[in-house]
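Here the structure is laid out as structure tokens; the discussion comes afterwards.
The values are calculated or read from the model by the stated rules, or taken from the named source; none is laboratory data. Keep in mind it's a predicted model, so treat the numbers as computed, not measured. Because the Cβ atoms are built from the backbone with ideal geometry, glycine has one as well, and the counts that use them run over all protein chains shown. The protein model used for the area step is the full one, side chains on, heavy atoms only, and it has no ligands, DNA or RNA in it. Shrake-Rupley method; radii C 1.70, N 1.55, O 1.52, S 1.80 Å.
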Amino acid sequence: MSSNHSPERYHLTLTSAGRPVMHGWWGSEPVARSKFTRWIGEHGTLPDARVTLVDEDTGAVLTEWPDEA
């Protein structure tokens, strides 16, 4: 079984007022989750800010802020 993952597996997106502001891709989930937290702190005050982390290999949304709940 190969442990190789795409360097662009974890896709982080920041939107504000429904418009894309920033995108980033990482091959490491821990690094991407760290960036996720950092982006919230740095950009969370934008109007209607939303940060989403997706596993591009599976299509699964790993986490998003703010929570939809």
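Summary of values
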{"item": "12, 46, ranked by accessible area, largest first (probe 1.4 Å)", "result": "46, 12"}
{"item": "Local electrostatic count, residue 29, Cβ distance below 14 Å [Lys/Arg +1, Asp/Glu -1]", "result": "-1"}
{"item": "Options (1) 4, 18, 29, 24, 14, 7, 3, 2, 0; (2) 3, 11, 19, 20, 16, 14, 9, 5, 1, 0; (3) 3, 15, 19, 16, 13, 10, 7, 6, 4, 3, 2, 1, 0 - which one matches P(r) over Cα pairs in 5 Å bins from 0, in percent as calculated here", "result": "(1)"}
{"item": "Charge tally in the Cβ shell below 13 Å around residue 55, where Lys, Arg are +1 and Asp, Glu are -1, residue 55 excluded", "result": "-3"}
{"item": "Cα-based helix-to-principal-axis angle, 29-43 vs the chain, degrees rounded to 10", "result": "10"}
{"item": "Exposure of residue 54 as accessible area (Å², to 10), given a probe of 1.4 Å and all protein chains", "result": "30"}
{"item": "Heavy-atom surface of the chain, accessible at 1.4 Å and reported per residue (Å²)", "result": "66"}
